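The values are calculated or read from the model by the stated rules, or taken from the named source; none is laboratory data. Model, not experiment: these values are computed from the prediction. Cβ sites come from the backbone with ideal geometry, for glycine too, and all protein chains shown count toward neighbours. We work out accessible area using only protein heavy atoms, side chains counted, and drop any ligands, DNA or RNA first. Shrake-Rupley method; radii C 1.70, N 1.55, O 1.52, S 1.80 Å.
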Amino acid sequence: MKHIKNNKAMARSKKYKSYYIDKFMGMKCSVDMLSMGLFPNAKEITESYSGMEATKLLPEYNLNNPNITCICVGDGHTPRTSATVCFRSAWKAICVDPLVKKLEWNVNRLTVIKDYIQNIKLTFDHPIIFLNIHSHAKLDQCLFSVSAPKIAVISMPCCVPQNLHIKPDVEYIDDNVWSPCNLIKVWYNVK
């Protein structure tokens with residue numbers, strides 16, 4: 001069988017901004033994620049997948065490295081972004097949200113904490129990433145709650161400003177996110 005590149009389909013994907021939905025539908029884990037009810041709509045899929053795409057900008061954070069923890073603050077009623085991290089990498093993920101509906105999910109390497117980030121303290125001996133997608137928690141509160149040798153931050157702000165004492169290393173608009181709040185901010189190391 002001959003494999004060809006379908007430029008017409010790729011152009012359509014770009015035109016309709018369906019890159020993350022196409023990627024999601026092409027993955028075996030999408031069936032599991034949908035059956036668990038992780039995503040209430042397609043918009044949330046594009047947001048979580050955008051966060052994962054942004055992790056590619058962190059060269060020291062290889063997706064196959066099991067010694068990395070990703071903390072998703074403000075994940076919502078379900079641990080959608082943190083579960084996406086677990087399904088798409090070898091990382092451990094922690095969902096921190098006071099509104100999460102349940103604590104037990106059938107997802108390897110996922111921990112769910114039903115609380116505000118400012119009420120907890122976490123200590124790590126390895127690098128961590130904050131992946132805050134439309135989080136209502138302020139980034140300085142997140143940083144105050146953890147101790148780690150290296151901390152990277154990826155944020156997609158919505159109604160709560162997501163700023164730190166230093167400018168982001170990278171900032172860009174992700175047009176493939178189905179939300180007007182699609183600015184991505186990346187800090188490589190905030191420690």
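Condition first: of a type outside the set (Phe, Trp, Tyr), within 30 Å of residue 17 (Cβ to Cβ), part of a loop (DSSP other than H, G, I, E, B) and open to solvent by less than 40 Å² (accessible area, probe 1.4 Å). Can you find one or more residues in the stretch 101-116 that meet it? I'd like the intermediate steps shown before the answer.
Filtering the stretch 101-116 for residues of a type outside the set (Phe, Trp, Tyr) gives 101-104, 106-115.
Of the ones still in play, those that are also within 30 Å of residue 17 (Cβ to Cβ) are 101, 107, 110.
Imposing the further condition that a residue be part of a loop (DSSP other than H, G, I, E, B) reduces the set to 101, 107.
Those left that are additionally open to solvent by less than 40 Å² (accessible area, probe 1.4 Å): 107.
Taking every residue of the stretch 101-116 in turn, at least one turns out to be of a type outside the set (Phe, Trp, Tyr), within 30 Å of residue 17 (Cβ to Cβ), part of a loop (DSSP other than H, G, I, E, B) and open to solvent by less than 40 Å² (accessible area, probe 1.4 Å).
Of everything in the stretch 34-62 that's hydrophobic (A, V, I, L, M, F, W, C) and in contact with an Asp or Glu (Cβ under 9 Å, 6 or more places away or on another chain), which residue is nearest to residue 174 (Cα to Cα)? Walk me through it before giving the result.
Taking the stretch 34-62 and keeping what is hydrophobic (A, V, I, L, M, F, W, C), we get 34, 36, 38-39, 42, 45, 52, 54, 57-58.
Keeping just the survivors that are in contact with an Asp or Glu (Cβ under 9 Å, 6 or more places away or on another chain) gives 38, 54, 57.
Details: 38: 22, 54: 10, 57: 13 Å.
Result: 54.
Return the pair list, or none, for Cβ contacts closer than 8 Å from residues in the stretch 158-171 that are closer than 9 Å to residue 185 by Cα to residues that are in a loop (DSSP other than H, G, I, E, B) and open to solvent by less than 80 Å² (accessible area, probe 1.4 Å), at least 6 apart or on different chains.
If the second residue must be in a loop (DSSP other than H, G, I, E, B) and open to solvent by less than 80 Å² (accessible area, probe 1.4 Å), the pairs left are 162/135.
Assuming residue 141 fulfils every condition listed in (1) under 23 Å from residue 78 (Cα atoms); (2) over 15 Å from the mean Cα position of the chain (by Cα); (3) modelled with pLDDT of 95 or more apart from one, which condition is it?
(3) is the only condition that residue 141 fails.
Within 15 Å of the chain's Cα centre (by Cα) and either open to solvent by 20 Å² or more (accessible area, probe 1.4 Å) or among the basic types (Lys, Arg) (or both): does that describe residue 136? Before you say what the answer is, go through the steps one by one.
On the way: within 15 Å of the chain's Cα centre (by Cα): yes; either open to solvent by 20 Å² or more (accessible area, probe 1.4 Å) or among the basic types (Lys, Arg) (or both): yes.
It is true that residue 136 is within 15 Å of the chain's Cα centre (by Cα) and either open to solvent by 20 Å² or more (accessible area, probe 1.4 Å) or among the basic types (Lys, Arg) (or both).
Which one of these is of a type outside the set (Lys, Arg), in a loop (DSSP other than H, G, I, E, B) and either farther than 14 Å from residue 46 by Cα or open to solvent by 50 Å² or more (accessible area, probe 1.4 Å) (or both): 153, 160, 186? Please lay out each step first, then the result.
Numbers: 153 fails: in a loop (DSSP other than H, G, I, E, B); 186 fails: in a loop (DSSP other than H, G, I, E, B).
From the options 153, 160, 186, the qualifying one is 160.
Please state which one of 147, 155 is free of Cβ contacts under 8 Å to residues at least 40 places away in the same chain, within 14 Å of the chain's Cα centre (by Cα) and at negative phi. Break it down into steps so the answer makes sense when it comes.
Details: 147 fails: within 14 Å of the chain's Cα centre (by Cα).
Every option except 155 fails the conditions.
Got a sec? Which of 71, 94 is free of Cβ contacts under 8 Å to residues at least 60 places away in the same chain, on the phi < 0 side of the Ramachandran plot and part of a strand (DSSP E or B)? Outline the logic, then answer.
On the way: 71 fails: free of Cβ contacts under 8 Å to residues at least 60 places away in the same chain.
The unique qualifying residue is 94.
Residue 78: surrounded by 23 or more Cβ atoms within 10 Å (Cβ to Cβ), under 14 Å from the mean Cα position of the chain (by Cα), hydroxyl-bearing (Ser, Thr, Tyr) and part of a loop (DSSP other than H, G, I, E, B), yes or no? Spell out the reasoning first.
Details: surrounded by 23 or more Cβ atoms within 10 Å (Cβ to Cβ): yes; under 14 Å from the mean Cα position of the chain (by Cα): yes; hydroxyl-bearing (Ser, Thr, Tyr): yes; part of a loop (DSSP other than H, G, I, E, B): yes.
Yes, satisfied.
Report, by residue number, each residue of the stretch 23-59 that is closer than 16 Å to residue 185 by Cα, in a loop (DSSP other than H, G, I, E, B) and either among the β-branched types (Val, Ile, Thr) or open to solvent by 10 Å² or more (accessible area, probe 1.4 Å) (or both).
The one that is closer than 16 Å to residue 185 by Cα, in a loop (DSSP other than H, G, I, E, B) and either among the β-branched types (Val, Ile, Thr) or open to solvent by 10 Å² or more (accessible area, probe 1.4 Å) (or both): 59.
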